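Before any comments, here is the structure.
The values are calculated or read from the model by the stated rules, or taken from the named source; none is laboratory data. Everything numeric here is computed off the predicted structure, so don't read it as measured data. All Cβ positions, even for glycine, are placed from backbone atoms using ideal geometry, and neighbour counts span all protein chains on display. Each accessible area value is taken on the protein alone, full model and side chains, heavy atoms only, with ligands, DNA and RNA left out. Shrake-Rupley method; radii C 1.70, N 1.55, O 1.52, S 1.80 Å.
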Amino acid sequence: MHASTSIQTAETQDLVALATPHIQIKDLNVTIEGKRILKNINLSIPNNSVTSIIGPSGCGKTTLLKTLNRLVDDTKGVEISGSVLVNGEDIYAKDAEVTHIRKKMGLLSQKPFPLPMSIFENVAYGPRIHGERNKKLLKQIVETQLRNVGLWEEVKERLDASATRLSIGQQQRLCLARGLAVQPEIILGDESTSALDPISTQTIENLLIELKKDYTIVLVTHILRQARRVSDYILFVYNGEVVEFGKTEDVLLNPQNEITQQYVKGFIS
Ligand SMILES: Nc1ncnc2c1ncn2[C@@H]1O[C@H](COP(=O)(O)OP(=O)(O)O)[C@@H](O)[C@H]1O
Ligand SMILES: [Mg+2]
């Protein structure tokens with residue numbers, strides 16, 4: 001009796017986590033120049049977790065990620081239907097404000113793109129354009145975020161140096177700090193370690209794992225070992241469709257769908 005109650009409780013907790021998702025995608029379809037790229041996506045992404053989107057090249061991972069901050073809107077010839085709810089609010093609603101939506105999302109791209117300015121100014125940039133003028137507060141934000149990405153000790157003596165003089169790995173952490181400085185709720189990453197050496201990759205992975213206590217994180221990766229190391233949940237996309245979504249160990253070690261099985265065994269790349 002006792003044992004069955006505790007099992008039930010664990011399951012119930014799981015269901016509750018998914019019943020109040022941070023991001024909920026409903027009947028999402030994306031067409032680019034007449035070609036169906038994403039087909040009837042339905043998905044709930046829980047908060048304070050890392051979800052990895054995996055799948056072969058060209059299956060729609062980047063497009064799906066870009067629907068979450070409406071970056072996909074900028075694609076020529078795009079048509080979007082369905083909804084993406086963030087905290088229950090549809091970001092594709094007619095009255096939704098793109099600037100407001102993007103402020104909630106920090107995006108870490110494949111290669112670091114530091115702004116052509118100093119290390120300090122890179123982090124202060126976001127808060128400044130959102131109206132922060134208080135110099136003391138800006139200094140505080142810069143220090144806090146550089147500490148958050150483990151960069152403070154490395155750069156505190158040269159905050160005025162150009163960001164482009166940092167190593168690629170440091171630049172990517174700086175870009176993460178720049179994103180965090182505008183207080184997003186969600187961090188999106190698209191193959192964010194693909195330009196990095198193994199040590200910098202590990203640093204970024206560890207940071208993301210630590211940051212999930214405060215953020216919801218959605219990553220695109222084609223590296224299965226990375227997905228296994230960092231994610232709580234995995235979404236397998238194939239040919240624009242969600243094939244499987246579940247806990248990392250379930251999807252990678254015990255996939256239910258035959259195509260997922262083929263993919264995790266390395267038969268499809
Ligand atoms: N701007 C675009 N114009 C035309 N086709 C595009 C564009 N962006 C993506 N696609 C097509 O959409 C499909 C999915 O692309 P993408 O989301 O980049 O896949 P992935 O990130 O999984 O490699 C591909 O067939 C790609 O050619
Ligand atoms: Mg991609």
For the stretch 58-79 and the stretch 103-145, write down the distance between their C-alpha centroids in whole Å.
-> 25
Once phi is turned into ³J(HN,Hα) by the Karplus curve 6.51 cos²θ - 1.76 cosθ + 1.60 with θ = phi - 60°, what whole-Hz value does each residue of the stretch 218-224 show in order, with x for glycine and proline?
-> 10, 10, 9, 8, 10, 9, 4
Antiparallel bridge percentage (DSSP; both residues within the stretch 124-269; nearest 5) | 55
Exactly which GluC sites (Glu not before Pro) in the stretch 154-193 are in a DSSP loop and have at most 11 other Cβ atoms within 10 Å?
-> Glu157
Straight-line reach check, Lys265, cutoff 18 Å on alpha carbons, 8 or more apart in-chain or any other chain, hits among aspartates and glutamates -> Glu244, Glu249, Asp250
Where the stretch 181-221 is the region considered: accessible area per residue in Å², 1.4 Å probe = 40
Applying the Karplus parametrisation 6.51 cos²θ - 1.76 cosθ + 1.60 with θ = phi - 60° to the phi angles of the stretch 253-266, what ³J(HN,Hα) value in whole Hz is obtained for each residue in order, glycine and proline being reported as x?
-> 9, 9, x, 8, 8, 5, 5, 4, 4, 4, 5, 6, 7, x
Step through the residues of the stretch 98-108 one at a time and calculate ³J(HN,Hα) from phi using the Karplus curve (6.51 cos²θ - 1.76 cosθ + 1.60, θ = phi - 60°), rounding each to whole Hz and writing x for Gly and Pro.
-> 4, 4, 5, 5, 5, 5, 7, 10, x, 10, 10
When every protein chain stays in place and a 1.4 Å probe is rolled, Met105, Met117 sorted by accessible area with the largest first are Met117, Met105
Of Lys94/Lys135; Lys35/Lys212; Lys111/Lys247; Lys26/Lys212; Lys76/Lys111; Lys26/Lys66, pairs whose Cα-Cα distance is over 26 Å = Lys94/Lys135; Lys35/Lys212; Lys111/Lys247
Which angle between 0 and 90 degrees, to the nearest 10, do you get for helix 168-180 versus the longest principal axis of the chain when only C-alpha atoms count?
-> 80
Carbon plus sulfur, as percent of the 1.4 Å-probe accessible area of the chain, comes to 49
